[in-house]
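To keep things clear, I will list the structure first and then write my remarks on it.
The values are calculated or read from the model by the stated rules, or taken from the named source; none is laboratory data. Everything quoted here is computed from the prediction, not taken from an experiment. Every residue, glycine as well, gets a Cβ built from its backbone with ideal geometry; the counts of neighbours run over all protein chains shown.
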Amino acid sequence: FANLTMSGLRASGVQLAVQGIIRNDAEQPASDVWVTARFVPLEGDGVAASVSVGPLTVLPGASAPWRATVMPQGEIELWSVRRPFLYVAEVAVRMGNQTITRLDGLNVTFGARHVELTPNEGMLLNNRHVKMRGFCDHSTFGGVGAAVPDRVNLYRAQAIRAVGGNSWRMAHNPPIPVRLDIMDRLGMLALDENHFYGGHTFPYGRYDPESVEQSQQDMADLVLRDRSHASVWAWNFCNEVNCVDDPKVAAAMRNVTDTFDGTRPVTMNHIVNQALPSLDIQGMSHRAGGHMDSFHQQNPHVPLFSSEAVICPSERGVDSDECPKARRKDGACQYNNEVAACTAEQVGFSDSRQFNAGTYVWSGFDFTGEGVDASADATGMLGDRAGFEKDVRWWFRSWWFSNISTSDAGRPFLWPQATNPLTTLHIVDHWNEVISTANRSIHVYTNAPWVRLWVNGQQVGSGARAVPYFGAAMFPAVPFRPGNLT
């Protein structure tokens, strides 16, 4: 942007840049080569701007880089969470500026938006505050493995938006490109992630077999491939044990992103609180609120966000007041209907702090392997490995969608006829007889201020139960009687 002036979701003074490389695979030199670019809306008519570059001469077997900039005369539409307006750069390579002999061409979809990261307010998207409410997910998915159909990735993205999510972290490697295409069109913010960082010694070296040079090449490939996506708001160098607290390595990686992009901030999914000068925003992995407060006090000018948060496992279909046998080594158990308490506490660390730019919950869906038994990991909040929804998704919908103002710039725009946007109400527990006990504890996920419960038309208890902020309603020891629970 040059001399940018924004008014709502439009902006003037926007400078559009297009660049590429022409390669001549012929045996003869190519001269009088011109490149033209037209910038048009993805949907609708009109031309925002156009530009030409030339004449170029490309020798046999050689390549010629080119770059052009143009400033549209009028306003252009901005890409946002609630209104993801996209353009297409129609690029054509021609022989001769006045001829129609087209040698090659490419259409690239992009969006114009302005991202600012602040240490006290978090993210400003087009000058409006946006709290990132997101999830982390691998590129692989459940039973379909690594070759994920496009329709499944669309389903995953829509499941995130349906609970109020506006962001998705590409954990822990460059995503399938269609995931970014989907996010461009749905108005979702993508944290694009490189896998290896390079330069590790034992014990972390066993997780990172690449050299620093190889990791930098991976980063360059990622940036070159994904830099035109409007959804990509930042480049993530590495994940947890793959990150090295070495300012020199971070500076080298930063040089890569600046060379091939230079318009986006960079970060790491860090498991420590060390601030590195090369980062634009500090990522924190599974840090409690006290860690955030301490870092913010010691580094008051450094923006931060929870690049990975929340470990609250739950099995879809496990309906129990008591914990089944714990599976994790530390003995923790959340395989019951109390999982909302764990979720509320850990999401609240970041969600309740204005200076924290956002939360990436681990994870959106259950997945195979990583860290625990290779058979499965049940940390998914929205669905299991087949994509079937879990009850805890209704907790997120209560507090990340229904409880968020309709004027919030980070609240996804959903089809109003498909849902009540203002109130979520979901009874977690089944109402079937349990042989081992005559009573059941009933949990309700809602953003309503209070809840009443009836069994066969008779009210349970003496009155309404208040619902704490970021919490859930619970009715303990409800005697079972065959019939209906409302």
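Name the residue, out of Val35, Val40, that is assigned to a strand (DSSP E or B), over 32 Å from the mean Cα position of the chain (by Cα) and of a type in the set (A, V, I, L, M, F, W, C).
So the residue among Val35, Val40 that is assigned to a strand (DSSP E or B), over 32 Å from the mean Cα position of the chain (by Cα) and of a type in the set (A, V, I, L, M, F, W, C) is Val35.
How many residues does the range 461-486 hold that are more than 19 Å from Ser402 (Cα to Cα), of a type in the set (A, V, I, L, M, F, W, C) and in a strand (DSSP E or B)?
5
Restricted to the range 197-234, and to residues that are on the phi < 0 side of the Ramachandran plot, in contact with an Asp or Glu (Cβ under 6 Å, 6 or more places away or on another chain) and not charged (D, E, K, R), which residue is modelled with the lowest pLDDT?
Result: His200.
Considering only residues of the range 21-75 that are hydroxyl-bearing (Ser, Thr, Tyr) and out of contact with any Pro (no Cβ under 8 Å at 6 or more places or on another chain), which is nearest to His229 (Cα to Cα)?
Thr69
Just a yes or no: is a residue in the range 424-445 within 22 Å of Ala159 (Cα to Cα), in contact with a strand residue (DSSP E or B) (Cβ under 9 Å, 6 or more places away or on another chain) and surrounded by fewer than 18 Cβ atoms within 10 Å (Cβ to Cβ)? Before the answer, list the steps.
Kept after step one, since they are within 22 Å of Ala159 (Cα to Cα), are these residues of the range 424-445: 424-429, 444-445.
Checking which are in contact with a strand residue (DSSP E or B) (Cβ under 9 Å, 6 or more places away or on another chain) leaves us with 424-429, 444-445.
Still in the list and also surrounded by fewer than 18 Cβ atoms within 10 Å (Cβ to Cβ): 425-426.
Looking for residues that are within 22 Å of Ala159 (Cα to Cα), in contact with a strand residue (DSSP E or B) (Cβ under 9 Å, 6 or more places away or on another chain) and surrounded by fewer than 18 Cβ atoms within 10 Å (Cβ to Cβ), one finds at least one in the range 424-445, hence yes.
Could you please let me know if Val40 is modelled with pLDDT of 90 or more, under 16 Å from Val14 (Cβ atoms), touching a strand residue (DSSP E or B) at 6+ places or on another chain (Cβ under 6 Å) and not assigned by TED's automatic domain parsing to the domain that holds His172?
For Val40, the condition - modelled with pLDDT of 90 or more, under 16 Å from Val14 (Cβ atoms), touching a strand residue (DSSP E or B) at 6+ places or on another chain (Cβ under 6 Å) and not assigned by TED's automatic domain parsing to the domain that holds His172 - is met.
If Ala112 passes every condition in (1) in a loop (DSSP other than H, G, I, E, B); (2) surrounded by 15 or more Cβ atoms within 10 Å (Cβ to Cβ); (3) in contact with a helix residue (DSSP H, G or I) (Cβ under 9 Å, 6 or more places away or on another chain) but one, which one does it miss?
It is condition (3) that Ala112 fails.
State the number of residues belonging to the range 235-257 that are modelled with pLDDT of 90 or more, farther than 21 Å from Leu180 by Cβ and within 22 Å of the chain's Cα centre (by Cα).
Count: 1.
If you check Ser307, Ser228, Ser215, Ser294, which single one turns out to be among the hydroxyl-bearing types (Ser, Thr, Tyr), assigned by TED's automatic domain parsing to the domain that holds Thr379, part of a helix (DSSP H, G or I) and under 21 Å from Leu191 (Cα atoms)?
That would be Ser215, the only listed residue that is among the hydroxyl-bearing types (Ser, Thr, Tyr), assigned by TED's automatic domain parsing to the domain that holds Thr379, part of a helix (DSSP H, G or I) and under 21 Å from Leu191 (Cα atoms).
To keep it simple, each residue is scored yes or no on (1) touching an Asp or Glu at 6+ places or on another chain (Cβ under 8 Å); (2) in the same structural domain as Leu180 (by TED's automatic domain parsing); (3) acidic (Asp, Glu); (4) loosely packed, with under 13 Cβ neighbours inside 10 Å.
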site	(1), (2), (3), (4)
Ser12	yes, no, no, no
Val35	no, no, no, no
Ser50	no, no, no, no
Gly61	yes, no, no, yes
Pro65	no, no, no, yes
Met71	no, no, no, no
Arg94	no, no, no, no
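Restrict the check to the range 400-410 and report whether at least one residue is under 29 Å from Pro84 (Cα atoms) and among the aromatic types (Phe, Trp, Tyr).
Yes: the range 400-410 contains one or more residues that are under 29 Å from Pro84 (Cα atoms) and among the aromatic types (Phe, Trp, Tyr).
Would you confirm whether or not the range 143-163 contains a residue that is hydroxyl-bearing (Ser, Thr, Tyr) and modelled with pLDDT of 95 or more?
yes
Does the range 100-129 hold any residues that are touching an Asp or Glu at 6+ places or on another chain (Cβ under 8 Å) and β-branched (Val, Ile, Thr), and which are they?
Listed by number, the list holds a single entry, Thr109.
Kindly list, by first and then second residue, each pair from a residue in the range 211-226 that is surrounded by 14 or more Cβ atoms within 10 Å (Cβ to Cβ) to a residue that is outside any helix (DSSP H, G or I) and of a type in the set (A, V, I, L, M), limited to pairs with Cβ atoms under 8 Å and residues at least 6 apart or on different chains.
Asp226/Val232
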